[in-house]
Amino acid sequence: MTILLKAILALVGLGIVFLGVNIGFGGIQTLGLQGDGPFIEVTDASLFSTRDSHVRFIGGVWLGVGILFVAAAFRLHHLRNAVLAAIGMIFVGGLARLSASELGPLMGADLLPSLLAELLLFPLLALWIVKATARPAA
């Protein structure tokens with residue numbers, strides 16, 4: 001297994017941890033770590049609180065995925081299947097973006113890099129992990 005693969009797993013994991021903290025602890029409105037500015041107006045506080053809690057949960061799950069990637073940088077052979085499953089879920093998440101009624105924003109500078117990473121780079125990372133952790137034929 002290469003040092004480069006471990007470094008990439010650690011960097012990807014730290015990036016995901018950053019995003020997980022932003023959403024998990026900031027909810028729908030985030031902590032503003034990706035930029036500041038109002039983008040939502042709450043018209044029903046009770047409904048907002050419920051949906052905000054769901055978003056915080058999803059952010060916490062994303063934080064956990066990031067921690068998994070960082071841990072895999074040190075113990076990939078033990079965490080291989082979990083990381084591959086997480087990559088599969090990230091790919092499914094990228095596909096889910098395509099279900100939006102307005103696809104135009106996906107082609108913009110704010111979302112296209114994420115979409116390309118989810119649908120192309122993460123699957124390539126999975127292939128690299130599979131090759132790097134393959135056991136030699138007996």
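How much of the accessible area of the chain, probe 1.4 Å, is carbon plus sulfur, in whole percent? Show your work: numbers first, answer last.
Values: 6120 of 8930 Å².
Ligands and nucleic acids excluded, carbon and sulfur reach 69 percent.
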Rounding to the nearest 20 debye, state how big the charge dipole of the chain is about its Cα centre with +1 on each Lys and Arg Cβ and -1 on each Asp and Glu Cβ.
880 debye
When the chain is modelled as a GNM with alpha-carbon springs shorter than 10 Å, which of 104, 60, 20 fluctuates the most?
104
Among 98, 76, 127, which one shows the biggest mean-square fluctuation in a GNM of the chain, springs joining Cα atoms closer than 10 Å?
98
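Where Rh denotes the Kirkwood radius from the mean inverse Cα pair distance, what is Rg over Rh for segment 5-138?
On the way: Rg = 16.9 Å, Rh = 16.3 Å.
So for segment 5-138, dividing Rg by the Kirkwood Rh gives 1.03.
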Under 10 Å, Cα contacts only: if you run a Gaussian network model on the chain, which one of 16, 90, 40 comes out with the highest mean-square fluctuation?
40
If you fit an axis through the alpha-carbon atoms of helix 3-24 and take the longest principal axis of the Cα set of the chain, what angle between them do you get, 0 to 90°, nearest 10?
20 degrees
Suppose each label sits 7 Å from its Cα in the direction of the beta carbon; what would the residue 29-residue 96 distance come out to in nanometres?
2.4 nm
Would you mind checking the tilt of helix 45-97 against the longest principal axis of the Cα atoms of the chain, expressed as 0 to 90 degrees and rounded to 10?
10 degrees
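With n ≥ 4 as the cut-off for DSSP H runs, can you work out [θ] at 222 nm for the chain, using -39500 (n - 2.57) per run divided by the number of residues, rounded to the nearest 500? Mind dumping the intermediate values first?
Numbers: 4 runs with 91 residues, N = 138.
After summing the helix terms and dividing by the residues of the chain, the value is -23000 deg cm²/dmol.
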Ignoring ligands, DNA and RNA, what accessible area per residue does segment 49-138 give at 1.4 Å, in Å²?
65 Å²
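The values are calculated or read from the model by the stated rules, or taken from the named source; none is laboratory data. Bear in mind that the values here come from a model prediction, so they are computed numbers and not experimental data. As a convention, Cβ positions derive from the backbone with ideal geometry for all residues, glycine included, and neighbour counts pool all protein chains shown. Areas reflect the complete protein model, heavy atoms only, side chains present, ligands, DNA and RNA absent. Shrake-Rupley method; radii C 1.70, N 1.55, O 1.52, S 1.80 Å.
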